[in-house]
1. Working carefully through the options 95, 80, find the one that is within 23 Å of residue 33 (Cα to Cα) and of a type in the set (Phe, Trp, Tyr).
2. What number of residues within the stretch 25-45 are surrounded by 13 or more Cβ atoms within 10 Å (Cβ to Cβ) and among the charged types (D, E, K, R)?
3. Of the residues in the stretch 1-23, how many are in a strand (DSSP E or B), of a type outside the set (A, V, I, L, M, F, W, C) and farther than 20 Å from residue 73 by Cβ?
Amino acid sequence: MSELVQHSFWCWKQKLQGVLQLLSLLSGYVYSEADATTVAHGLHITNADDKQVQPYDLSGKNGQCYVELSLDADNRDIVFVTTTASGAFQERIVFLAQLQEALKQSK
């Protein structure tokens, strides 16, 4: 079994469902409307400053992927995402986060 590693990044709240769908695609998890609803309802009680997070398991046929989500205490439009996954899988997640960062800067 490979070692699990973490990677953290942030995204705009309105982009979160797309980010989770991409993570699910990478892991082989079938992300559904029920998942989207569960995440949306659980997210509003989170607070990054108080370490109140919403854990979610996106593990699928391609590997393990756990996420922790929390809203920024001062700007509720920002979501902090921490992923925990195998090293090889985490490389893809880091690439996704870097791509998203580049797209944020191009606006």
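Just so you know, all these numbers are worked out from the coordinates, no wet-lab data involved. Keep in mind the model is a prediction, meaning the values are calculated, not measured. With ideal geometry, Cβ positions are generated from the backbone for all residues, glycine too; neighbour counts draw on all protein chains shown.
1. 80
2. Residues in the stretch 25-45 being surrounded by 13 or more Cβ atoms within 10 Å (Cβ to Cβ) and among the charged types (D, E, K, R): 1 in total.
3. Summing the residues that are in a strand (DSSP E or B), of a type outside the set (A, V, I, L, M, F, W, C) and farther than 20 Å from residue 73 by Cβ in the stretch 1-23 gives 2.
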